[in-house]
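Have a look at the structure below, then the notes.
The values are calculated or read from the model by the stated rules, or taken from the named source; none is laboratory data. If you're wondering where the values come from, they're calculated on a predicted model, not measured in any experiment. Cβ: placed from backbone, ideal geometry, glycine included. Neighbour counts: every protein chain shown.
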Amino acid sequence: MADPDQSRIIAARAIIEHLSQHLHADLSIQLWNGDVLPLGPNARDDIRFVVRSPDVFRRLLLRPRLMTVFELFAAADIEIVGGDPIAAADRWDHARAVHLARRVDKWTLAKLALPFLFGGKRAAAAAPAFEGQVGAQYQAGRDDKALIQFHYDVSNAFYALFLDPEMVYSSAYFPRADVGLDAAQIAKLDLICRKLRLKPGDRMLDIGCGWGGLACHAARKFGAVVHGVTLSQAQFDFATAKVAALGLQDQVTLELRDYRSIEGEAVYDKVSQVEMFEHVGFDNHDRHFQHVHRLLKPRGVYFHQASVRRVGRDLAKFRKPTATTNVITKFIFPGGELDYIGLTVTNLGRLGFEVHDVEDLREHFEMTLRDWIRRLYARRDEAAAQIGWPRTRLWLIYFALFAKGFERGAVLVYQTVASKRAFGASGMPLSRADLYVDELP
């Protein structure tokens, strides 16, 4: 009688050989018995995917989805050795990998799957996922505080492992390719303040103020009076301590508060919102822009930075969740939805804003993510001590997935500057040349 495990090894080798003909990757797979098999012609084996058991093949063959890959990585049923996830991802053509299912011979794979379908089944380890309900509309029970805290309240010490000293958790701005991440984040804070045309005494609202990096920078360097709000308790505690340590209590006021609860008409000269819009949800876009409009003084300036998805010709299909969306909203950003830049600009225009500038920072975010991956991977043992190994692995492959997304242009990030529409001159300079002078601190 044939040895079942030997049958699975033979089938696994055949499956990998078939996949390698289409994937053409420059890395290898190591099976549970130690065999190392190339994933492409002349592939190196210094970076390898290690498959810990034959059950990995069973699960991938039965559910060949990105969700399954994330679950397997979280449980360490698949691991990467010899490099970090982005180093591994750089070893294959990502577009070819995305369309691999269309290229392979499904009948061949179905026949090879048979040894994995009987026996050897193990219970799948549960990956850390958001278990709550995600409502569509804020006014109809959507609990944004729970959604935000799932992502941000994991541990300030965890974020400090890969962020810059200012704890800026958004795309950096690299004036030159050789600029390090820490300097690039300061350059980004400077650029935001210049785009807002901040001047001493300006009253500024920072929506989703994070760990207080922008609020403190705007107050210290540009003399603004800043009101920052966040729904994350961990961020609020850190930012409050930072404001006190810098002696900025007279200039920076922070609240653990939903920005939509701020009342008053024409309260602020400037409003900033840096990569929190992705949390709002499609059904809340109008409410978001209307509230910002109400809080701004006439001709007040609104800075909007957000990641968006590439849009196709059929707009009716845009809101259908993708495989990436399903994974990210389950394990990383519950309730998150990315619009497209045309929708952003259209909504700003129809809801009372005049759009002045739109700048794409796609390459900057790819560079930022690569730095975050390298830093987090180098300190992965410390990260696991803070948040556990499953979540650490999920974050590493999440960063790698989006770094490749920005590289391909499937995901983009835009800085959009608008003002509250009013009759007369816009108040903006005729040239934007001053925005890009003396960019490095």
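Annotations
- Positions within the range 263-293 being surrounded by fewer than 19 Cβ atoms within 10 Å (Cβ to Cβ) and either within 12 Å of Asp206 (Cα to Cα) or in contact with a His (Cβ under 6 Å, 6 or more places away or on another chain) (or both), in sequence order: Glu275
- In the range 340-374, residue farthest from Phe318 (Cα to Cα) [restricted to those that are surrounded by fewer than 18 Cβ atoms within 10 Å (Cβ to Cβ) and within 19 Å of the chain's Cα centre (by Cα)]: Arg374
- Some residue of the range 131-151 being crowded, with 22+ Cβ neighbours inside 10 Å and either touching a Leu at 6+ places or on another chain (Cβ under 9 Å) or at pLDDT below 75 (or both): yes
- Test: residue in the range 71-93 that is part of a helix (DSSP H, G or I), loosely packed, with under 13 Cβ neighbours inside 10 Å and either modelled with pLDDT of 80 or more or out of contact with any His (no Cβ under 9 Å at 6 or more places or on another chain) (or both): no
- A single member of Ala43, Ala12, Ala25 is part of a helix (DSSP H, G or I) and either in contact (Cβ under 8 Å) with a residue 40 or more places away in the chain or more than 24 Å from the chain's Cα centre (by Cα) (or both), and it is Ala12.
- Taking the range 296-393 and the helices (runs of 4 or more DSSP H) fully enclosed by it, the elements with 1 or more residues that are closer than 16 Å to Phe406 by Cβ, at pLDDT below 95 and of a type in the set (A, V, I, L, M, F, W, C) are at 323-331.
- Every pair of residues 6+ apart whose Cβ atoms lie under 7 Å, when the first sits in the range 85-110 and is more than 20 Å from Arg44 (Cβ to Cβ) and in contact (Cβ under 8 Å) with a residue 24 or more places away in the chain while the second is part of a helix (DSSP H, G or I) and charged (D, E, K, R): Ala95/Arg408
- Search result, residues across the range 279-305 that are over 26 Å from the mean Cα position of the chain (by Cα) and at positive phi: Arg299
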